[in-house]
Amino acid sequence: MTRFGIGYDVHKLATGRKLILGGVEIPHEFGLEAHSDGDVLIHAIIDAMLGAAALNDIGTHFPMTPEFKDICSVELLERTLKLVTEKGYRVGNIDSIVVAQRPKLAPYVMKIRERLAEILQVDIDAISVKAKTEEGLGFTGTEQGISSYAVAGLEK
């Protein structure tokens, strides 16, 4: 049996922060403002995995409390993998999109896929990461923030 979940996340761009996407640091003059490290891609993947397993959402498991202040999102994804594994699921595949006007993410997509495959303990062919701009439109297009969408397929 395969179950699917969808995830979404968005954060404002901010100075004085590192830009982390999919567990990979991307050189950029801005990072993402958040309670954690602000990795919108991992946050969307977490919500997709939790949704597929009917385990609620990221805020339920990792609330904005001191315990999770500035936490590395890779750790949150590892904890999420444990939650879905304990419920009898394994990751079948992840399909995701990162929406950012800048920086151009194409040079980092393979490294991000490799990192996510390592964390989720799957073959790289099970991980899809696409980078999109919004042609200067909306909050991502005007470089106010970055968003991400993900779909997770979990198999039992």
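The values are calculated or read from the model by the stated rules, or taken from the named source; none is laboratory data. All values derive from a computational prediction rather than experimental measurement. Virtual Cβ from ideal backbone geometry, glycine too; neighbours counted across all protein chains shown.
Hey, any hits in the stretch 67-80 for a residue that's free of Cβ contacts under 8 Å to residues at least 24 places away in the same chain and farther than 21 Å from Leu120 by Cβ?
Yes, there is a match, as at least one residue in the stretch 67-80 is free of Cβ contacts under 8 Å to residues at least 24 places away in the same chain and farther than 21 Å from Leu120 by Cβ.
When the stretch 18-38 is filtered for residues that are within 21 Å of Phe62 (Cα to Cα) and touching a residue at least 40 places away in the same chain (Cβ under 8 Å), the ones remaining, listed by number, are Leu19, Ile20, Leu21, Gly22, Gly23, Val24, Leu32, Ser36. Flag: Gly59 does not match the condition of being part of a helix (DSSP H, G or I) and crowded, with 16+ Cβ neighbours inside 10 Å. Those residues that are of a type outside the set (A, V, I, L, M, F, W, C), touching a residue at least 40 places away in the same chain (Cβ under 8 Å) and in contact with a helix residue (DSSP H, G or I) (Cβ under 7 Å, 6 or more places away or on another chain), I need them from the stretch 96-120; list them, please. Of everything in the stretch 96-120, those that are of a type outside the set (A, V, I, L, M, F, W, C), touching a residue at least 40 places away in the same chain (Cβ under 8 Å) and in contact with a helix residue (DSSP H, G or I) (Cβ under 7 Å, 6 or more places away or on another chain) turn out to be Ser96, Gln101, Arg113. In the stretch 110-146, the qualifying residues are those that are over 12 Å from Val98 (Cβ atoms) and of a type in the set (Val, Ile, Thr), and the one that is surrounded by the fewest Cβ atoms within 10 Å (Cβ to Cβ) is Thr142. Criterion first (modelled with pLDDT of 95 or more, buried (at least 18 other Cβ atoms within 10 Å of the Cβ) and closer than 24 Å to Ala34 by Cβ) does Tyr149 satisfy it? Yes: the conditions hold for Tyr149.
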